[in-house]
Amino acid sequence: MANEARPCPCDIGDRFEYGGLGQEVQVEHIKAYVCKPSVSTEKAVIVIQDIFGWQLPNTRYVVDMLAANGYTAICPDFFVGKEPWNPSDDWSTFGEWLKTRDARKIDKEADVVLNYLKQQCSTKKIGVVGFCWGGIVVHHLMMKYPELKAGVSVYGIIRDSDDRYKLLNPTFFIFGEKDNVIPLDQVTLLEQQLKQHCKVDYRVKIYPGQTHGFVHRKREDINPEDKPYIEEARKNMISWLNKYI
């Protein structure tokens, strides 16, 4: 996400050619992509999009990965029909675009998705993962929804709230060492304040040499030097969910 001083310079990265194994569903006023594991489960993970939207193949790849690890996984359209950001859009308009897609004003949609998982999918334990814009959403949700048993915020943090350290359940923050969207001093501050104020388990991890988007917007076969860190971050994400859900 953007630093306050300048627009977000996010590049879409390596757009996967990936069709997906799940299906699109309508959940009240929200469209969503859902993938279920081969064996029935009471565990689910909500996957929250980055600025490029819920239909980005890269994000659906992560949804399917979570399903393969035993979770009902759902990626709702948290923009609720509004257009995602397009890399060809004028970055000078990003600030205005973002104002209509506030990452901390998604509670109505979160309630709908949680109800769907509980009522339609027989889910009893729920976690949440989010990327970039979705990482900010995860940070927000983990301070507000005690029923979310674990959260993984991938290169996304809330910067402008005094309560941002009051996590309700275990939360894992993933960052890249060379992320020019989230400077390391902001990561250091987050970790210092969590250590001082947070009363639940948390983890902050910086992956060497990695840039913004590396977990879901870099292809390890294109960037072999990045492959170990991409794979490690994905394994760490799943391990965190497995530990607490």
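The values are calculated or read from the model by the stated rules, or taken from the named source; none is laboratory data. What you see is a predicted model; the values in this text were computed from it and never measured. We place every Cβ from the backbone using ideal geometry, glycine too, and count neighbours over all the protein chains shown. In case anyone asks, the SASA skips ligands and DNA or RNA and just uses the protein heavy atoms, side chains included. Shrake-Rupley method; radii C 1.70, N 1.55, O 1.52, S 1.80 Å.
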Open item on the list: Taking 0.36 nm per residue of sequence separation and subtracting the Cα-Cα distance, how much length would be gained by fully extending the chain between S40 and Q120, in nm to one decimal?
Closed with: 27.5 nm
TODO: Compute the length gained on full extension between E220 and E17: take 0.36 nm times their separation in residues and subtract their Cα-Cα distance, giving the result in nm to one decimal.
DONE: 71.7 nm
Open item on the list: No solvent, one uniform scatterer per C-alpha: report log10 I(q)/I(0) for the range 23-244 via the Debye equation at q = 0.09, 0.17 1/Å, two decimals.
Closed with: -0.33, -1.28
Open item on the list: Compute the distance from the alpha-carbon center of the range 157-180 to that of the range 46-66, in whole Å.
Closed with: 20
TODO: Treat each spin label as a single point 7 Å out from the Cα along the C-beta direction, and report the D89 to H197 distance in nm.
DONE: 3.0
Open item on the list: I want the local charge near Q210. Using Cβ-Cβ distances under 13 Å, sum +1 for each Lys or Arg and -1 for each Asp or Glu among the other residues.
Closed with: -1
Open item on the list: Accessible area of the chain with a 1.4 Å probe: how many percent of it is carbon plus sulfur?
Closed with: 47
Task: Rel. contact order, % - alpha carbon contacts under 8 angstrom, at least six apart, the chain - done: 19
- [ ] Arrange the peptides 109-116, 131-138, 20-27 so that the one whose residues have, on average, the most other Cβ atoms within 10 Å appears first.
- [x] 131-138, 109-116, 20-27
Task: Distance violations [Cα-Cα > 24 Å] among K125/K218; K178/K235; K36/K235; K125/K235 - done: K125/K218
Task: 17 Å Cα-Cα reach of K205 towards aspartates and glutamates, excluding residues that sit fewer than 8 places from it in its own chain - done: E177, D179, D185, E191, D226, E231, E232
